[in-house]
Each structure stands twice: as structure tokens, then as C-alpha cells.
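Chemist: Before anything else, here's the structure in question.
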Amino acid sequence: MSDARADRNRRAGTATLRPNRRLLLGSPALLAGPAVLVARSPAIASVPDDPVQGRSVAFEDSFASLDPDIWLAGPKTTTAEPGFYGRSAFARITGEEGFNPYAIVDDTAALNGKALQMTARHIGRRMTVPKYYGNAHPEYQWISGNIQTARRDGTVMRGWRNGYFEARMWMPRHPLTWPAFWLMNSRSILAPQTSIEIDIVEHKGFEPTLYGTYLHEWGGKDVHHEGVGVPTGVDVTQGYYRYGMLVEGASCIPYFERRPVIDPRTRRPVAWTIGRAGQLDRDNDTFWMLVTLALRADVRYPSPLEPEHRQAHLRVDYVRVYQ
């Protein structure tokens, strides 16, 4: 999480190009990092040791293909802004600027031998991506990927109110990469003031043994933010690991490798309260999923940009929902 100085630096660096995804909803960001911000926890009886025990798979995509009936590729689904953030433009499913960042690759480390490979590539020239703020800015002339199970007209192809949401991912190691697996509520598309964002994992490519997980309720007078840095004890840029979140009613509980994330202050499992849970239920609202490979804009741009840093890959073995 960022301290006050880092947050001031971030806002100063993003005022012109609006590169942070949370600025799409008009609120300050909480950034993953070694410092920790953990807010109050709900009064729940217990945190399950195994989030899938007693549950069955309600949805699974092992990425034999990138199915457009499930996933929309391109800018984040929102009506508040064009849907870009960070230092790269998110490509549509057919690609941008002659480059397609989405590929299904053979991978013996993936459970079914296939994985979705999402690539960030430096284009290095003026671009013409529609409504992208960084086309003419040398540091922002990158193409990367974002897929989601919802459309800008409010259609949600796949969404669930409750469940255990999990992705098995292999993170890139890079000075700018910012991959994420996250959730948004359905009403947020057409009514951004109701937005609930659950960041199951946000990773910085230069912190191989740490990631951040967050709950954000944006807009209105009831804004609410929670978050924690998660020391993994392993290098997540060297293989696949499972990142999950159990959402049940008002409870929101993060997991790494199906083990509860621990609050470093209390040494107890993290469990947050969704303040708008009652509103979710009244509106029959659901959560839809996003998988993103962004590039951070709150860190110094590499100078020079080394040849090995002109491209980076995120691999996704599967995405599952258990109920």
C-alpha cells in the first residue's frame, strides 16, 4: 500500500494522462507494496481453511480458446471513461497497431497443457488506438491485454453474487508490469457511483515475492477501502500460483494457494466487510471478472528501455468459480 508521499507522487504523475484505473471512478488509488493498510474486519464466525471444501465448480475456463461469448477483450467495461489506465492501451480481440496480445499457447506446466498468454509489447511510435490518451506519448506507446465477462451496454456474460473466485496465473517479471485478476459489480457499468471493486491480486513485476489484494467501494458518501500486501514466500514470476477470493454475503476473504491471507498486524486471517452488500442483494447484483496485464504509471520509466523489457508475458492456466 502507498504512503502519503507515494500517493502524492502518483497523483502528480497521472494528472495529465489519467492512467490509473481507479481514476476512472474519481477516487485516489491504494497501491500494492510492502507497507500494509488493513481496515476493520467483519464479525464472522470463522474463515474457512479450505475455500473449495463443500463447493463444486460452477464455471471454468481452461483457455483452449479465447471465447468471445465469455470474454470481451479491450478497454475496461465502464461508461464513466474510455476504460484505459496505466501506460498501455488494452487491445480488442483482433489486436491493435498490428499486434495481437492474446494467444493460446502450449504449456506443459498448465493443467490441461494450454494457457492464455497475454503480452505487453512496446510499439515505440505514435499510435491510433481509439480514445486512448497515450497514443502520442513515448512512454505510453505500448499495447497489452484486458479481458472481462461484461460489455459496455451493461450485459454481463458471466456473473455471480457469491462464490470462490480463483485464477491460476504465472506473473511476469518486469519493471512496469501490473497484472491483475479482479471483480466488479454489474451495476457499476451504467451506474459508476455504485461501484464495488474486488482486486483478488495486483502484482508489481519488480516485486516477485509480494502482491496486493484490495476491496474498494467507490463513489457516493459511503466510499470504503481495504487492502493488504501479501508476502508469498515464493517467486510468483517463476511459475503458476493460485489467487482467490471468497465472497459470501457481506464477507470478502482473500486466499493465496488456497490458504487464507494473514493480516500482519493481528496475525489472523484477513476478512473484510462489503459495506454495500445489502444494496447488492436488493438490486440482484452480481460480480463479473477481469484479467488484465497493465503497465504501471506511478514508477520511473526505464531509461534506457532494455531490449529484454520491450515485451512481457502473463500466463493464465484457468479461471474458476466455485459455489
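Chemist: Give me the angle, in degrees from 0 to 90, between the Cα long axis of helix 4-14 and the longest principal axis of the Cα atoms of the chain, rounded to the nearest 10.
Modeler: 40 degrees
Chemist: If the cut-off is a Cα-Cα distance under 23 Å, which lysines reach Lys131, setting aside same-chain residues fewer than 8 apart in sequence?
Modeler: Output for Lys131: Lys76.
Chemist: For Val201, enumerate residues with amide H under 5 Å from its amide H, sequence gap 5+ or separate chain, H modeled in the peptide plane.
Modeler: Result for Val201 returns Phe181.
Chemist: Something else now. Once every DSSP H run of n ≥ 4 in the chain is given -39500 (n - 2.57) and the sum is divided by its residues, what mean residue ellipticity at 222 nm do you get, rounded to the nearest 500 deg cm²/dmol?
Modeler: Theoretical 222 nm ellipticity from helices: -1500 deg cm²/dmol.
Chemist: Hey, another quick one. In the chain, which longest range has no trypsin sites (Lys or Arg not before Pro) that are both DSSP loop (not H, G, I, E or B) and surrounded by at most 11 other Cβ atoms within 10 Å?
Modeler: Working: sites that count: Arg40, Arg125, Arg126, Lys131, Lys221, Arg265, Arg267, Arg300.
Value returned for the longest uninterrupted segment is 132-220.
Chemist: Roughly what % of DSSP beta bridges within segment 71-178 run antiparallel, to the nearest 5?
Modeler: Antiparallel: roughly 85 percent of the beta bridges in segment 71-178.
Chemist: Give the long-range amide H neighbours of Ala58: residues separated by 5 or more places, or on another chain, with amide H under 5 Å away, using H modelled in the peptide plane at 1.01 Å from N.
Modeler: Result for Ala58 returns Val321, Tyr322, Gln323.
Chemist: Also: Considering all alpha-carbon pairs of segment 221-323, what whole percent are spaced by more than 25 angstrom?
Modeler: Percentage above 25 Å: 40.
Chemist: Can you run phi through the Karplus equation (6.51, -1.76, 1.60; θ = phi - 60°) for segment 213-227 and list ³J(HN,Hα) in whole Hz, with x for Gly and Pro?
Modeler: For segment 213-227, the Karplus curve yields 9, 8, 10, 10, 10, 9, x, x, 8, 9, 4, 7, 9, 9, x Hz.
Chemist: Same structure, new question: In terms of solvent-accessible area of protein heavy atoms at a 1.4 angstrom probe, what is the ranking of Leu66, Leu190, Leu183, highest value first?
Modeler: Largest accessible area first, the residues go Leu190, Leu66, Leu183.
Chemist: Restricted to Cα positions, what overall size does segment 54-170 have along the principal axes? Three whole-Å values, descending.
Modeler: Extents along the principal axes: 52, 36, 20 Å.
Chemist: Which of these, Thr94, Thr237, Thr273, has the largest mean-square fluctuation under a Gaussian network model of the chain (Cα springs below 10 Å)?
Modeler: The residue that fluctuates most here is Thr94.
Chemist: Pick from Pro172, Pro138, Pro130 the residue whose mean-square fluctuation is largest in a GNM of the chain, springs joining Cα atoms under 10 Å.
Modeler: Of Pro172, Pro138, Pro130, the most mobile in the Gaussian network model is Pro130.
Chemist: Among [x] 1.04; [y] 0.96; [z] 0.93, which one is Rg/Rh (Cα atoms, Kirkwood Rh) computed from these coordinates?
Modeler: [z]
Chemist: How large is ³J(HN,Hα) for each residue in segment 201-208, as worked out from phi by the Karplus curve 6.51 cos²θ - 1.76 cosθ + 1.60 (θ = phi - 60°), to whole Hz, x for Gly and Pro?
Modeler: Karplus-based 3J(HN,Hα) across segment 201-208 equals 8, 10, 10, 9, x, 9, 10, x Hz.
Chemist: Pick out which of Thr155, Thr108, Thr286 has the largest mean-square fluctuation in a Gaussian network model of the chain, springs linking Cα atoms closer than 10 Å.
Modeler: Looking only at Thr155, Thr108, Thr286, the largest GNM fluctuation is found for Thr108.
Chemist: Any chance you could run the full-extension gain for Ala58 through Gln238? It's 0.36 nm times the residue separation minus the Cα-Cα distance, nm to one decimal. Provide the component values of the computation, followed by the final result.
Modeler: Numbers: separation 180, 0.36 × 180 = 64.80 nm, distance 2.91 nm.
Taking 0.36 nm per residue and subtracting the Cα distance, the gain is 61.9 nm.
Chemist: Let me ask something else. Under the Karplus relation 6.51 cos²θ - 1.76 cosθ + 1.60, θ = phi - 60°, what is the ordered set of whole-Hz ³J(HN,Hα) values for segment 182-195, x standing for Gly and Pro?
Modeler: 8, 10, 9, 7, 4, 5, 4, 5, 9, 10, x, 5, 9, 5
The values are calculated or read from the model by the stated rules, or taken from the named source; none is laboratory data. Every value quoted in this text rests on a predicted model; they were computed, and no experiment measured them. Every residue, glycine as well, gets a Cβ built from its backbone with ideal geometry; the counts of neighbours run over all protein chains shown. Keep in mind that these areas ignore ligands, DNA and RNA; they rest on the heavy atoms of the full protein, side chains included. Shrake-Rupley method; radii C 1.70, N 1.55, O 1.52, S 1.80 Å.
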